[in-house]
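Worksheet: the structure to be examined is printed underneath.
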């Protein structure tokens, strides 16, 4: 996929360039919701009610909103409970679960949720990234473009598909190229909004690579836009994060020159 054109003056650091904005309240990188929020929801209030309370403390913007007991159940129990509840949904919709084609669907969906499309919610699946000394003394940008991106919209639980472009400048350490793909994949494999996903990938790369010189651009199609609601199949959404050497007109231009180059 050839990168679509983007203005160097476009909104950056997780803001949507084309597509709907999301407030991102109650979010942060460690995957835990604030204690106050969890208590508030347990007391019978809805998540919408919680968002309008300005006096409640919120966790950082990068967190994936998760309740405090998110990792208490074993994987097998999560699959069993999801399959049971998804069977209820299918029954309510009027589907015949005794049909040969449908009877295994609840279990398939449950395994897909836990073991595949939302495996990034499990911290045990986080990729271990080993650093190596930059023995070649390479001090220019390293850019990996067109990383396959598959995620799910947290508002409608339908797919987000596209590509992620990543660049960094070494601070003395380098990382195996496949680990960049794995980091992108880990944070994509959870219910997401694209702005948060962009920032989570950038934050992880900074921590792992021990450098502030990082760029992340995501160019994605949202099926919540193309297959429901407005049903617009022509639009895509671009988000970006630039920091360090990338956060300058010259740095962004050089980065985008890499992205626009042919193989």
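For the range 122-184, which fully contained strands (runs of 3 or more DSSP E) count at least 3 residues that are touching a residue at least 40 places away in the same chain (Cβ under 8 Å) and out of contact with any strand residue (DSSP E or B) (no Cβ under 6 Å at 6 or more places or on another chain)?
Working: elements: 131-133, 141-153, 159-169, 173-175.
Counting at least 3 such residues, we get no strands (runs of 3 or more DSSP E) at all.
I'd like the full set of residues that are over 15 Å from residue 133 (Cα atoms) and touching a helix residue (DSSP H, G or I) at 6+ places or on another chain (Cβ under 9 Å), limited to the range 169-195. Don't jump to the end; show me each part of the working.
Going through the range 169-195, the residues over 15 Å from residue 133 (Cα atoms) turn out to be 178-195.
Correct list: 179, 180, 183, 184, 185, 186, 187, 188, 189, 190, 191, 192.
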Checklist entry - Of all residues in the range 185-210, which are under 20 Å from residue 119 (Cβ atoms) and not in a helix (DSSP H, G or I)? => result 189, 190, 191, 192, 193
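Residues are listed down the side, and each one gets a yes or a no for (1) under 25 Å from residue 246 (Cβ atoms); (2) buried (at least 22 other Cβ atoms within 10 Å of the Cβ); (3) assigned by TED's automatic domain parsing to the domain that holds residue 237:
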residue: 108; (1), (2), (3): no, no, no
residue: 112; (1), (2), (3): no, no, no
residue: 139; (1), (2), (3): yes, no, yes
residue: 159; (1), (2), (3): no, no, yes
residue: 163; (1), (2), (3): yes, no, yes
residue: 182; (1), (2), (3): yes, no, yes
residue: 193; (1), (2), (3): yes, yes, yes
residue: 211; (1), (2), (3): yes, no, yes
residue: 222; (1), (2), (3): no, yes, yes
Checklist entry - Quick one: is residue 191 touching a residue at least 60 places away in the same chain (Cβ under 8 Å) and farther than 19 Å from residue 62 by Cα? => result no
Checklist entry - When residues of the range 227-263 are filtered for being farther than 20 Å from residue 198 by Cβ and without any contact (Cβ under 8 Å) to a residue 24 or more places away in the chain, how many remain? => result 11
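The values are calculated or read from the model by the stated rules, or taken from the named source; none is laboratory data. Source: prediction; values computed, not measured. We place every Cβ from the backbone using ideal geometry, glycine too, and count neighbours over all the protein chains shown.
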